[in-house]
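So the structure is just underneath, and the comments pick up after that.
The values are calculated or read from the model by the stated rules, or taken from the named source; none is laboratory data. Since the model is a prediction, treat every value here as computed from it, not as a measurement. All Cβ positions, even for glycine, are placed from backbone atoms using ideal geometry, and neighbour counts span all protein chains on display. For the accessible areas, the whole protein counts, side chains as well, though only heavy atoms, and no ligand, DNA or RNA atoms are used. Shrake-Rupley method; radii C 1.70, N 1.55, O 1.52, S 1.80 Å.
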Amino acid sequence: MTGFWNWLGRQARAFRFWRQERKIRKLFRKHLGFEGVFENPVSYCEKIQFRKLYGNHAFYGRLADKVSVRDYVKERVGEDVLIPLLGVYERLDGRILESLPRSFVIKISNASKWNEIVFDKDTMDRHRTIRYFNRKVRKEYSRKFGEVHYDYCTPRILIEELLLDDGRLPWSTYFFCYNGSKGFDFSLCITSPDGKCKGHYDNRRHLIEGNLEPGMEETHVHPENFDRMVEIARELSRGIDFVRVDLYGIGERVFFSEMTFTSGAGLRVIENPARAEMRNRMWELDRGNPMLYRDPAAVRAGKI
């Protein structure tokens with residue numbers, strides 16, 4: 001009887017994988033316009049799909065979780081880079097909001113872009129905010145684009161201090177971090193808070209594409225704390241073939257935002273040839289590393 005239940009479990013896992021693969025292939029065709037090669041991926045976008053299908057989701061989930069990743073960051077680079085945490089909750093209510101300072105940021109721990117920036121809580125629509133986050137914390141963010149590792153996060157509502165840079169929201173520095181046969185390497189994306197100004201750069205900070213003005217580049221691409229940013233990105237990505245490490249630079253301080261393992265779900269067309277070639281080339285898929293990936297044959301057979 002034990003053998004039967006083991007066989008049934010393998011069949012169920014194989015069927016879930018088949019559904020997952022079918023969904024991801026359909027999404028890939030829809031967004032990128034061609035059939036991807038996921039078993040032996042070459043392009044950056046195909047490697048993202050390989051990770052979505054065969055990744056060690058428990059490992060990625062722990063570091064994608066906006067609460068649990070804080071321990072990892074503290075251990076690797078120190079707690080001074082962590083944005084001060086005001087609270088972690090399973091549900092939001094009026095008493096919690098009343099206890100908070102005037103400004104803050106609310107986020108969902110197991111999702112991306114499910115957040116709200118509050119500059120003045122006296123002017124916010126508290127009922128709308130409470131409804132929004134109590135609904136979102138119950139949703140499965142992974143389902144939209146097949147990013148299964150988000151299922152391995154613990155759904156929670158976290159509230160952080162609002163970071164400001166001279167009274168304004170800080171710009172974001174996205175480090176696309178790679179660890180391969182030549183060691184650590186990276187490329188950059190610098191973006192304004194509203195996303196209207198953006199620039200992509202190689203590891204020497206040479207512009208590949210973007211619309212940043214010279215003054216913006218001087219301030220945000222060549223800040224005084226850039227070497228510290230590189231050091232943090234290097235340490236947080238150590239041992240991982242590819243991960244995007246998001247940081248904020250404010251004065252002499254550097255703050256950690258999040259780690260992203262399936263950037264854009266691998267479904268965004270990279271139209272610039274130079275940037276596409278760089279993304280494809282820099283990521284050496286470490287598919288034999290059990291910390292990062294599972295054996296594809298075993299996954300397809302439902303053994304794991």
Given the conditions (1) closer than 29 Å to F50 by Cα; (2) touching an Asp or Glu at 6+ places or on another chain (Cβ under 9 Å), every one holds for V148 apart from (2)
Listed by first then second residue, the pairs whose first member lies in segment 284-304 and is over 17 Å from Q49 (Cβ atoms), whose partner is surrounded by 16 or more Cβ atoms within 10 Å (Cβ to Cβ) and of a type in the set (A, V, I, L, M, F, W, C), with beta carbons under 8 Å and at least 6 positions apart or on separate chains, are M291/F59; G302/F17
Discussion item. Taking the conditions exactly as written (of a type in the set (S, T, N, Q), over 26 Å from K23 (Cα atoms), crowded, with 20+ Cβ neighbours inside 10 Å and at pLDDT 95 or above), does S237 satisfy them or not?
Written reply: yes
Within segment 220-234, the residues that are farther than 22 Å from R275 by Cα and either modelled with pLDDT of 95 or more or open to solvent by less than 80 Å² (accessible area, probe 1.4 Å) (or both) are P223, N225, D227, R228, E231, I232
For segment 26-55, the count of residues that are among the basic types (K, R) and within 21 Å of F242 (Cβ to Cβ) equals 3
With respect to R95, determine if the residue is among the charged types (D, E, K, R), more than 20 Å from the chain's Cα centre (by Cα) and farther than 27 Å from R22 by Cβ. yes
| said: I'd like to know if segment 145-157 contains one or more residues that are part of a strand (DSSP E or B), touching a Phe, Trp or Tyr at 6+ places or on another chain (Cβ under 8 Å) and open to solvent by less than 60 Å² (accessible area, probe 1.4 Å). | reply: yes
Heads up, the helices (runs of 4 or more DSSP H) in segment 1-84 (entirely inside) with at least 1 residues that are over 30 Å from Y248 (Cα atoms) and either open to solvent by less than 80 Å² (accessible area, probe 1.4 Å) or among the hydroxyl-bearing types (S, T, Y) (or both) are 2-32, 44-54
Among (1) crowded, with 16+ Cβ neighbours inside 10 Å; (2) over 19 Å from the mean Cα position of the chain (by Cα); (3) not hydroxyl-bearing (S, T, Y), P290 falls short only on (1)
Within segment 102-120, identify whether any single residue is free of Cβ contacts under 8 Å to residues at least 40 places away in the same chain and either more than 19 Å from the chain's Cα centre (by Cα) or in a helix (DSSP H, G or I) (or both), and answer yes or no.
yes
Within segment 86-119, the count of residues that are within 22 Å of R168 (Cβ to Cβ) and either of a type outside the set (K, R) or at pLDDT 95 or above (or both) comes to 14
Here the qualifying pairs (Cβ atoms under 9 Å; residues six or more apart or on different chains; first in segment 211-223 and part of a helix (DSSP H, G or I); second of a type outside the set (S, T, N, Q) and surrounded by fewer than 16 Cβ atoms within 10 Å (Cβ to Cβ)) come out as E217/R205; E217/L207
